[in-house]
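One structure is given below, represented as structure tokens, and several questions about it will come after.
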Amino acid sequence: MNNIKQPSVAGTFYSSNKNELLKQIEYFKQVSANDYEYKSRAVIVPHAGLIYSGRLAYDGLKSLKGDLKTLIIFAPSHHARFDNLVLSSYKMWETTLETIELDTDIVEKLNKDFNLQFNDEAFKNEHSAEIELPLIQALFEDIKIVPILVGNADYNNITDIIDYFWNDEKIGFVISSDLSHFYKNEDAIRLDSFTAQLIETNNYKQFKQGQACGILGILGLLKFAENKNYSLIRVSMANSSAVNNDTSSVVGYGSWFLYDDSKNAFLKKFYSEKIIQICKEAVISSLEHRELRINDLAQVFYENGACFVTLTKFENLRGCIGSITAYEPLAEDLIHNAISAAFNDSRFNPVEKDEFEHLDFAISLLSHPQEMNFKDEEDLLSQIVPYKDGIIIEDKGHRAVYLPSVWEQLPDKVSFLNSLKVKAGLPYNHFSETFKAYRYYTEYIK
């Protein structure tokens, strides 16, 4: 293997002056929007010049576990054209902040076991992997890298590599990718928001070319996440207009980290108190006729989410309203449903101010509903799991939903389904060829 690769984009994509570069990275540290407690082993981060996307990339890389020893970096090729994935044959890469060592053992394993070839020429003028290195050097005292350039490749190969090395907890993964390129600001925001939703729901099958320049790396990680029932949590999003004020042609950026469970499980574990606070504040601010102010929310609250808010008073139901599907940011859904449960549930009078101190709040965070396939009602009943499944039914213009908590009152599957039919306005014994059912899960916070 060759010895030291000289920097390709020092002086263009990042400063060639060490003091200036360290000062810039220190600024990213001071203004970092990432205050997540959880630390991950895989992130998606942007790769534009540090002046444009450096803060977002820093935020994403900051989400990595501090004891990692090697980072495998999947980065797209902007200049060279080749098939599959390629490796660098150098033992070290140099940046303005000295050199960083390659993990030659992993490089050799990728070469032999995955048939990845060496292609130093492809790396020669490429920025997509190198731009991450000064940030990595600033965040980690002792870490090695494995840069991999992605050409005309099958993203399943990326999934396979991540899966192969996942059991080694000292290895982390960096997916280097910007989002949309050169749209007008309003169009870019709309497209990048859609891309974010696909990432945050592991929906890799609906991705199209043009949504992200590192799309294959993103798809590879999303498929791995789906296989593991993991999720991607948003760290930050922006575009180039935030720096240069040019809204006529922008580039989008975003950072995410991989969480080893569902997004709703993440919210319950780390943000239960905040979720209850949002709902309580929504109700009391309405009662007091004052402006609702919810500050300092983590970016995960701006991901689309669906919830039900249930109010009880002395253990008796006082209101329950919710959303079946995620159509707006979770923070907004919590606020809207808390207010609706308190004041717009047609079964009850609106909550009065003197009742507030006696109210208990419970929030159910809903997963994305999955349609169930069945040949008849008996088959449907055989698939339903009591106390776990939330069920949505629809037929002939009628629709109804039960939360998993309803199993406490209706533990029998037949009674549960028949009651749900009646709630939908159908006869209890109704069934037809057009009958549809959907299963979803909840995280319950009280």
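Filter segment 190-209 down to the residues that are hydrophobic (A, V, I, L, M, F, W, C) and either touching a strand residue (DSSP E or B) at 6+ places or on another chain (Cβ under 7 Å) or outside the structural domain of S249 (by TED's automatic domain parsing) (or both) and list them by number.
Answer for segment 190-209, where residues must be hydrophobic (A, V, I, L, M, F, W, C) and either touching a strand residue (DSSP E or B) at 6+ places or on another chain (Cβ under 7 Å) or outside the structural domain of S249 (by TED's automatic domain parsing) (or both): L191, A196, I199.
Could you identify the single residue in S415, S367 that is more than 30 Å from L330 (Cα to Cα) and out of contact with any Asp or Glu (no Cβ under 6 Å at 6 or more places or on another chain)?
S415
Right, here's the next one. Are any residues in segment 388-410 aliphatic (A, V, I, L, M) and not in a helix (DSSP H, G or I), and if so, which ones?
I391, I392, I393, A400, V401, L403, L410
Would you point out the residue of segment 191-216, among those that are among the charged types (D, E, K, R) and within 17 Å of the chain's Cα centre (by Cα), that is nearest to S241 (Cα to Cα)?
Taking the candidates together, the pick is D192.
Let me ask you something else. Has segment 253-262 got any residue that is at pLDDT 95 or above, part of a helix (DSSP H, G or I) and in contact with a strand residue (DSSP E or B) (Cβ under 8 Å, 6 or more places away or on another chain)?
The answer is no; no qualifying residue exists.
Right, here's the next one. Out of all the residues in segment 144-185, which are assigned to a loop (DSSP other than H, G, I, E, B) and either more than 25 Å from Y52 (Cα to Cα) or outside the structural domain of K62 (by TED's automatic domain parsing) (or both)?
A153, D154, W166, N167, D168, E169, K170
Residue check, L359 against (1) modelled with pLDDT under 95; (2) not assigned by TED's automatic domain parsing to the domain that holds F435, all met but one. Which one?
All conditions pass for L359, except number (1).
So, in segment 129-154, how many residues would count as being among the polar types (S, T, N, Q) and either over 20 Å from C213 (Cβ atoms) or under 24 Å from the mean Cα position of the chain (by Cα) (or both)?
1
Being in contact with a Cys (Cβ under 9 Å, 6 or more places away or on another chain), surrounded by 12 or more Cβ atoms within 10 Å (Cβ to Cβ) and not β-branched (V, I, T) narrows it down to one of S340, S364, so name that one.
It is S364.
Hey, can you tell me all the residues within segment 373-416 that are of a type in the set (S, T, Y), farther than 16 Å from Y428 by Cα and surrounded by 12 or more Cβ atoms within 10 Å (Cβ to Cβ)?
Of all residues in segment 373-416, those of a type in the set (S, T, Y) come to 382, 387, 402, 405, 415.
Right, trim to farther than 16 Å from Y428 by Cα and you get 382, 387, 405.
Once the filter is applied, which keeps residues that are of a type in the set (S, T, Y), farther than 16 Å from Y428 by Cα and surrounded by 12 or more Cβ atoms within 10 Å (Cβ to Cβ), segment 373-416 yields only S405.
Right, next: Quick check, is E130 at pLDDT below 95, of a type outside the set (K, R) and out of contact with any helix residue (DSSP H, G or I) (no Cβ under 7 Å at 6 or more places or on another chain)? It would help to see each step written out before you state the result.
Working: at pLDDT below 95: no; of a type outside the set (K, R): yes; out of contact with any helix residue (DSSP H, G or I) (no Cβ under 7 Å at 6 or more places or on another chain): yes.
No, not satisfied.
The values are calculated or read from the model by the stated rules, or taken from the named source; none is laboratory data. Predicted model only: the values in this text are computed from it and were never measured. Using ideal geometry, Cβ is built from the backbone for each residue, glycine included, and neighbour counts are taken over all protein chains shown.
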